[in-house]
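J.: Have a look at this one.
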Amino acid sequence: MVLETIWFFLWGLLWAIFFITDGFDLGIGSMIPFLGDTELEKRKMYNAIGPVWDGNEVWLITAGGVTFAAFPMVYAVMFSTMYTPLMLILFGLIFRGVAIEFRENEDSKAWKLGWDICMCVGSFLPALLFGIAFANIFQGIPFDSNGRFYGDLLTFINPYGLLGGILFVLLFLSHGAIWLCIKTDGHLQEKAHNMILKIWPTLLTAILVFVASSRYATNLLANYQKNPIFYSVLLMAVVAIIAVRIFVQLQQYWRAWFSSAITIFTCTFFGIIGLYPNMYPSLIDPSFHLTAHNASSSPLTLTIMLVVVLLFIPVVIGYQVWAYCLFKEKVSEADLIY
């Protein structure tokens, strides 16, 4: 029971770290055709995420690997029921990665425009679909005891699912715009600054509406009602998003970025805490729910994995901290690769 609970929250933690780290480059990628008015500004946007974007996606691989190894039944049912959305996310991430690497191979405007579109779609689509996917997990998926899915792609396009998608897009756009304020200066930084201020009221509204909707569309608040101390997570989310607005106004962009990271973390754990012990609930019958207890690997497997994680995750974190410190300076014209 203890090992299963530990791995459940480690699973949630890995997803939260992925959303925090990869969220800002998904946000920047979504904004490139709209925020980058000139070729120089677009190249600065690419270079703002260039040194770190692939390292950020390590956390996606880690979260997926943990799902496979620690909760194989969840992995199997999730990838069969959400096959189409997950494949769309995969293709989006592939096109985004290719766009980053290939855009500068030709000097043609049409070539660069095409890759800018791939970058935008390949960033926006995963941001939207991750939000839709997790919102649908929170409210439940129509599958039976054999993991057979009763629905199609349109099953996920419901009001609560779309609200989750919109929330994720807004979180990542704001997170990305703050990163641009950190990494750039001049007119591009000013535009990113103004975008945060424009997005912020809508983002705050989306958070409040999503939490309120969760009361009616999901069973997430049951754990909060049993343990009111968990409401502190929601309080932290509100405090953090207010801090984002204050720090951006004061042009203290690193503090704003960390406040945004806390917002994403608490929004993710709002759902993780509410789900427990369920991991993949069924809309058809509660007896079909996949939980941290009935869908986990053996205690021996979980123990071995825990030792491996405790040994190697600090190495990954150390590498990423080193990479961020190495490329901590603002992007200048001299940094652009010709």
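Only the coordinates and a few stated rules stand behind these numbers; no lab work does. Not measured: the values here are computed from a predicted model. Cβ atoms come from the backbone with ideal geometry, glycine included; neighbour counts cover every protein chain shown.
J.: Give all pairs with beta carbons closer than 9 Å in which a residue from the stretch 204-233 that is within 12 Å of residue 271 (Cα to Cα) meets a residue that is of a type in the set (Asp, Glu) and surrounded by 18 or more Cβ atoms within 10 Å (Cβ to Cβ); count only pairs at least 6 apart in sequence or on separate chains.
T.: Listed by first residue and then by second, the contacts come to nothing, as the list is empty.
J.: Which numbered condition trips up residue 20, out of (1) under 20 Å from residue 122 (Cβ atoms); (2) among the β-branched types (Val, Ile, Thr); (3) more than 16 Å from the chain's Cα centre (by Cα)?
T.: So the condition that residue 20 fails would be (3).
J.: While we're looking at this one, here's another question. With respect to residue 149, is the statement that it is of a type outside the set (Lys, Arg), surrounded by 13 or more Cβ atoms within 10 Å (Cβ to Cβ), in contact with a strand residue (DSSP E or B) (Cβ under 9 Å, 6 or more places away or on another chain) and under 25 Å from residue 275 (Cα atoms) true?
T.: Values: of a type outside the set (Lys, Arg): yes; surrounded by 13 or more Cβ atoms within 10 Å (Cβ to Cβ): yes; in contact with a strand residue (DSSP E or B) (Cβ under 9 Å, 6 or more places away or on another chain): yes; under 25 Å from residue 275 (Cα atoms): yes.
Against the criterion (of a type outside the set (Lys, Arg), surrounded by 13 or more Cβ atoms within 10 Å (Cβ to Cβ), in contact with a strand residue (DSSP E or B) (Cβ under 9 Å, 6 or more places away or on another chain) and under 25 Å from residue 275 (Cα atoms)), residue 149 qualifies.
J.: Looking for something among the aliphatic types (A, V, I, L, M), part of a helix (DSSP H, G or I) and surrounded by fewer than 17 Cβ atoms within 10 Å (Cβ to Cβ) - is there at least one such residue anywhere in the stretch 163-174?
T.: Restricting attention to the stretch 163-174, the residues satisfying the condition of being among the aliphatic types (A, V, I, L, M) are 163, 166-167, 169-171, 173.
Narrowing further to those that are part of a helix (DSSP H, G or I): 163, 166-167, 169-171, 173.
Restricting the remaining residues to those that are surrounded by fewer than 17 Cβ atoms within 10 Å (Cβ to Cβ) gives none.
Within the stretch 163-174, none of the residues are among the aliphatic types (A, V, I, L, M), part of a helix (DSSP H, G or I) and surrounded by fewer than 17 Cβ atoms within 10 Å (Cβ to Cβ).
J.: So, in the stretch 262-305, exactly how many residues are over 28 Å from residue 3 (Cβ atoms) and either small (Gly, Ala, Ser) or surrounded by 21 or more Cβ atoms within 10 Å (Cβ to Cβ) (or both)?
T.: Looking only at that region, the number is 1.
J.: From the list 248, 211, exactly one residue is more than 20 Å from the chain's Cα centre (by Cα) and surrounded by 15 or more Cβ atoms within 10 Å (Cβ to Cβ). Which is it? Talk me through it step by step, then tell me what you get.
T.: On the way: 211 fails: more than 20 Å from the chain's Cα centre (by Cα).
The unique qualifying residue is 248.
J.: Sticking with this structure for a sec: Scan the stretch 41-79 residue by residue and report those that are within 14 Å of the chain's Cα centre (by Cα) and part of a helix (DSSP H, G or I). Can you show your working first?
T.: Taking the stretch 41-79 first, the residues within 14 Å of the chain's Cα centre (by Cα) are 53, 56-64.
Scanning the stretch 41-79 gives 53, 56, 58, 59, 60, 61, 62, 63, 64.
J.: Next up: When you go through 117, 132 one by one, which is the residue that is in a helix (DSSP H, G or I), among the aliphatic types (A, V, I, L, M) and buried (at least 22 other Cβ atoms within 10 Å of the Cβ)?
T.: After ruling out the rest, the residue left standing is 132.
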